[in-house]
Amino acid sequence: MSKTPKSFGRKSIRASLLPQSLMDETPDLVNVWQARVITLFPNAFPGVLGESLTGRALQEGKWQLHTHDLRHHGLTKHRNVDDTPSGGGAGMVLRADVVGAAIEDAKARQRGNAPIVYMSPRGRPFTQAMARDWAGSDGVTILCGRFEGVDERVLEHYNVTEVSLGDFVMTGGEIAAQAMIDATVRLLPGVLGNAESAVEESHSNGLLEHPQYTRPAEWQGRAIPDVLMSGNHAKIAQWRQEMSEALTQARRPDLWQKHLDKKG
Ligand SMILES: C[S@@+](CC[C@H](N)C(=O)[O-])C[C@H]1O[C@@H](n2cnc3c(N)ncnc32)[C@H](O)[C@@H]1O
């Protein structure tokens, strides 16, 4: 008989309380952009949003993040949140009454004008323009799905917009929510320092960004393009514009066509 304990090989993972404490239900800060996330996995937040620029901005109160645990609205003593799909089929569906109660709770706490969105592979693809819109509102309330998704009626009832991170299927909406919040928060005033401008980035003007270089001047026999070392700012700007256009044309014919249409 093996003496190996049952727990052998299992990792004991204990989430740090430190990043979570960034999101404590602190009093609402006046005029501060708020993300409210409805999720079965509140411990997944702030996740990567607690790091670097977004993390510092969160700590400095330049934006706020609150999670709403879907399980708190679960039914019976088991706090059930899901049920089998009507009409049969694999998997489980998040119940409208449970999700509805969580949305009501988030809505009651959300300030001002904030869209309610559902992370969904069926949704409109997330874009920089959407990030700009969200950054211009008072916040966003994000519903993260799990299993086979959410009962359709709750999406209709609350006029929820479905937004997709891309044409692939993930296990849940939490990673998509973090990606979209990150893209939005960095557009809020005062989050990016002068050194990290969002003005010339990919997608800010409909084009992909030009290539970037830094020291050393030569690496593995490859030199930095001469123009970037010339100190001639007009020539550098022209080179960057040309590279940006060439890259967009080669990699994203869809964006290139839009750019040409805009130019008329
Ligand atoms: C396994 S998926 C459900 C997929 C769903 N049955 C379908 O076919 O459209 C579980 C959850 O992950 C999230 N999710 C999966 N892929 C996503 C994507 N590309 N963008 C945003 N959210 C996604 C959604 O919240 C979804 O409810």
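The values are calculated or read from the model by the stated rules, or taken from the named source; none is laboratory data. Not measured: the values here are computed from a predicted model. FYI the Cβ positions are ideal-geometry reconstructions off the backbone, even for glycines, and counts take in every protein chain you see.
Structure notes:
- With respect to (1) in the same structural domain as residue 106 (by TED's automatic domain parsing); (2) loosely packed, with under 10 Cβ neighbours inside 10 Å; (3) away from the ligand (no atom under 16 Å from the Cβ), the lone exception for residue 169 is condition (3).
- Within the stretch 102-159, the residues that satisfy the criterion of being within 11 Å of the ligand (Cβ to nearest atom), small (Gly, Ala, Ser) and assigned to a loop (DSSP other than H, G, I, E, B) are 145, 149.
- Pairs linking a residue in the stretch 74-98 that is more than 17 Å from residue 143 (Cβ to Cβ) and without any contact (Cβ under 8 Å) to a residue 40 or more places away in the chain to a residue that is small (Gly, Ala, Ser) and surrounded by 10 or more Cβ atoms within 10 Å (Cβ to Cβ), with Cβ atoms under 6 Å and 6 or more positions apart or on different chains, are 80/74.
- Hits in the stretch 26-80 (condition: out of contact with any strand residue (DSSP E or B) (no Cβ under 9 Å at 6 or more places or on another chain) and among the hydroxyl-bearing types (Ser, Thr, Tyr)): 52, 76
- Annotation: residue 8 fulfils all but one of (1) surrounded by 16 or more Cβ atoms within 10 Å (Cβ to Cβ); (2) at pLDDT below 95; (3) hydrophobic (A, V, I, L, M, F, W, C); the unmet one is (1).
- Residues that are within 25 Å of the chain's Cα centre (by Cα) and within 16 Å of the ligand (Cβ to nearest atom) were ranked within the stretch 72-91; the one that is surrounded by the most Cβ atoms within 10 Å (Cβ to Cβ) is 81.
- Check on residue 164, crowded, with 16+ Cβ neighbours inside 10 Å and farther than 19 Å from residue 82 by Cα: yes
Residues checked against (1) closer than 30 Å to residue 201 by Cβ; (2) hydrophobic (A, V, I, L, M, F, W, C):
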{"residue": "87", "(1), (2)": "no, no"}
{"residue": "92", "(1), (2)": "no, yes"}
{"residue": "111", "(1), (2)": "yes, no"}
{"residue": "116", "(1), (2)": "yes, yes"}
{"residue": "130", "(1), (2)": "yes, yes"}
{"residue": "162", "(1), (2)": "yes, no"}
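- Close contacts from the stretch 114-127, counting a first residue that is among the hydroxyl-bearing types (Ser, Thr, Tyr) and a second that is surrounded by fewer than 16 Cβ atoms within 10 Å (Cβ to Cβ), with Cβ to Cβ under 9 Å and a gap of 6+ residues or different chains, come to 118/161.
- Scanning the stretch 208-259 for residues being among the aliphatic types (A, V, I, L, M) and either within 29 Å of the chain's Cα centre (by Cα) or assigned to a loop (DSSP other than H, G, I, E, B) (or both) gives a total of 8.
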